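Below is one structure, written out as C-alpha cells; the observations come after it.
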Amino acid sequence: LFGFKTNKVSGYFKPIQHSKEDQLLLPKGFKYDVVAAYGDVINAAGDTFGFNNDYTAYFPLNGKNSDKGLLWVNHEYTNPIWVEGQPGSGGYTKEQLHKLLYNQGGSIIEVYRSQDGTWKLDKRSQYARRITGLTPFELTGPAKGSKAVGGVSKVQGTFANCSGGITLWNTVLSCEENFESTAEAAGLNQTHYGWVIEVDPFHAEWQVRKHTALGRFHHENSAMGLAKDGRIVVYMGDDEKDACVYKYISKGKFDAAKEKANSALLEEGTLYAANMKKGAWIALTIEAVQKALSAQGFKAPALISKTVEKLKAQFQTQADVLVYANEAALILGATPTDRPEDVEISPFDNTIFIAHTNNDNHGNIHGHITRFFEQDDDLGALEFDFEIFAAGGRQSGFSAPDNLSFDSNGNLWTVTDISGSSINKGVHAHFGNNGLYVIPTIGPNAGEAMQFASAPLDAELTGPFFTPDETTLFLSVQHPGEQTKDIKAPTSMWPHRPGDSMPRPAVVAITGFKL
Ligand code: FEO
Ligand code: CA
Ligand code: CA
Ligand code: CA
C-alpha cells in the first residue's frame, strides 16, 4: 500500500496496473461519480456542457466548503464526428460554426455532495453559465488596441482552452492553446487568441478579459505565486515542440485587501523566458529584441521561418513582443524545450515543476518532469538551476506527463497524454491507456510514480483538482473514443450511460480519500 498522505496521514491506496480496458479504473476503495458530461444541461436557461473538458478548478461556496462549490471546466476543442459534423466543400454552415464555437471555452457549474455521498450537478444553480467562442472579451495590457491585434480592445470569444490556474483573488485563469484551426474556420483574427483569459466564476457581470501582458503563444497553463517582495509571479508553458518556459512578474505588489482589483497586476509587468544554459530568466522587451536583431552578424534562429528583415519590420513596439512572444524568446536566446505543458509551484519549497511531455524531434519519446530551483527559493529571482526530477519510460512507468497538481503532502499528481494514435502501440504498448500517477516530491519515495487511475480507450485524463479538505478529487476524462472513424462503431463508449450512442467527455468526482 502506498500512503499518499505522507505526513498528516491516513489515506492509502494500492497502485493499479496499466490497463487497456474501456473504463476509468481506480484503486480498491475509491469510486467516481460523473458530475457533468458533454451535452448535459447545466442551468435553467438550458445551457449545455461543452466538449472535451480539460482543466477543472473547484471554488468552495461559503468559505472552505468541500461539499458544495462551483467548478470551472475548460473545453479544449470539438471533434466533428461527435459535435459539428465535417465541413462541406463550401466550409462550415452557420449552424456548424455555432456548434464549433459554443462547445469550446469554459463551463461554470455548481456541484454538491448529496446525502448518499454522491456528487451531483445542481441544474438550478444561479451561478451556472457558459463562456464560449461567442462571448465578448476585453483585452487588457500593452497589446490592447495595438496595431498587432488590429487596433481593437474587444474581441470575440475564447477557444482551445487547455489548462489554467487559479488566482490569489479567487478568479480563474484559462489558457488558449491550439487556437489556429478554430480561428481560421470562423474567419477570426489569429492574434485575438493564444492568450491567458480571466473569469470570475461568482460574478457574471465582471467583464471576462484576456491579459496580453502574459504573452501570446500556445498557452498550456498558468501557476501563480508570490515573489518574496510581494509581486505576483505567473509561470507558463508553451506547448509546442521546441518552445520555451515563461514567467511573468507584475510591477505592483499583491494586496489581499484589494481582492479582485489585484487583477490589474496582470496588466503591467515583465514577461521572461528561461535560458536553461545560463540559468537565467530573460526579459522580453522591445529594446532587447531590436538590439539583438540589429547586432552585427545576427541570424534568425532556425526555429523561426522569417527573415531578419521581416522580423525587424514585425518588432516595433512592446505589443509586438507580446503578440509574437515565442519568436521574441528565441531571438533573445531562451532555450527551446520538449513541449512544456503544465507548470506547478511546490507549496513546500517553491521549486517549479514543469511537465515536458515529449518531443520526437529529439527522440524524447516519453518526456520528463523538469524541476527549477529559483535562486534563494524566491519566485521573483532572475537566476535558477534545474534538474530532471522524473523521466518517463519503462522504469518510472509513465509516458507523456501533462497536467500536474500538488496535494498538501508534497505528492505531485501527474496525468499522462500519450497521443491517441500512439496509445497501446509500439513503444507505448507497455503503458496501456493514459493514466493518473502519484509522484512524491519529498520523503523516501520521492520521484517514484504510482498509478492511481487508468483512462478509458483513446482518452487522456486532465485537470486533477482537489477540494480544500482533499476528500474529493475532480478529474476530466477527455476525448474517449477519439480514434472513432465510423460513428456506428465507436472505439469507446465511456461513460457507458444506459441508452447512449456515443462516448462523452465528462468530469468525474473521485471519492474514497480518508482523513
Ligand atoms: Fe492541450 Fe498541451 O495540451
Ligand atoms: Ca488535450
Ligand atoms: Ca494538456
Ligand atoms: Ca498534452
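Every number here is computed from the coordinates shown, using simple stated rules; none is lab data. This one's a predicted model, so the numbers in the text were calculated from it and none came from an experiment. Cβ: placed from backbone, ideal geometry, glycine included. Neighbour counts: every protein chain shown.
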**Message:** Given a Förster distance of 41 Å, report the FRET efficiency between T118 and K260 from their Cβ-Cβ distance, rounded to the nearest 0.05.
**Reply:** 0.80
**Item:** For peptides 182-190, 459-467, 493-501, 36-44, sequence by mean Cβ density within 10 Å, most packed first
**Value:** 459-467, 36-44, 182-190, 493-501
**Asked** Sorting S405, S421 on the 10 Å Cβ count, fewest up front, what's the list?
**Response** S421, S405
**Message:** Please compute one quarter of the surface area of the Cα convex hull for the chain and express it in square nanometres.
**Reply:** 23.8 nm²
**Prompt:** Using modelled amide H (1.01 Å from N, peptide plane; none on Pro or chain starts), what sits under 5 Å from the amide H of K306, excluding residues fewer than 5 places away?
**Reply:** none
**Unsatisfied cross-links (Cα-Cα over 20 Å) in the set K99/K154; K123/K514; K144/K210; K251/K310** = K99/K154; K123/K514; K251/K310
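Explain nothing, just the number: dipole magnitude of the chain about its Cα centre with +1 on each Lys and Arg Cβ and -1 on each Asp and Glu Cβ, in debye rounded to the nearest 20. Each step should come with its number before you reach the end.
On the way: 46 positive and 59 negative charges, 77 e Å.
With Lys and Arg at +1 and Asp and Glu at -1, about 380 debye.
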**Request:** Any aspartates and glutamates with Cα under 12 Å of the K147 Cα? List them, leaving off those in the same chain fewer than 8 positions away.
**Result:** D320
**Request:** Calculate the length of the line joining the C-alpha centroid of the range 242-261 to that of the range 190-227, in whole Å.
**Result:** 11 Å
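Which whole-number percent is the relative contact order of the chain (Cα, under 8 Å, 6+ apart)? Mind dumping the intermediate values first?
Numbers: 1409 pairs, mean separation 81.9, N = 515.
The value is 16 percent.
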**Prompt:** Sorted by packing (mean other beta-carbon atoms within 10 Å per residue), highest first, where do 146-152, 328-334 land?
**Reply:** 328-334, 146-152
**Request:** Could you list S89, S408, S294 in order of exposure, starting from the residue whose Cβ has the fewest other Cβ atoms within 10 Å?
**Result:** S89, S294, S408
**Calculated from backbone phi, Karplus (6.51, -1.76, 1.60) coupling profile of the range 59-68 in Hz, x at Gly/Pro** = 10, x, 8, 6, x, 9, 3, 9, 10, 7
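What order do you get for W82, W281 when you list them from fewest to most C-beta neighbours inside 10 Å?
Details: W82 22, W281 25.
Going from least to most buried by this count: W82, W281.
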**Asked** Summing Lys, Arg as +1 and Asp, Glu as -1, what charge do residues with Cβ under 9 Å from the Cβ of Y235 carry, Y235 excluded?
**Response** 0
**Request:** With a cut-off of at most 14 other beta carbons within 10 Å, and DSSP calling the residue loop, which trypsin sites (Lys or Arg not before Pro) in the range 224-304 qualify? Please list them.
**Result:** K228, K277, K278, K299
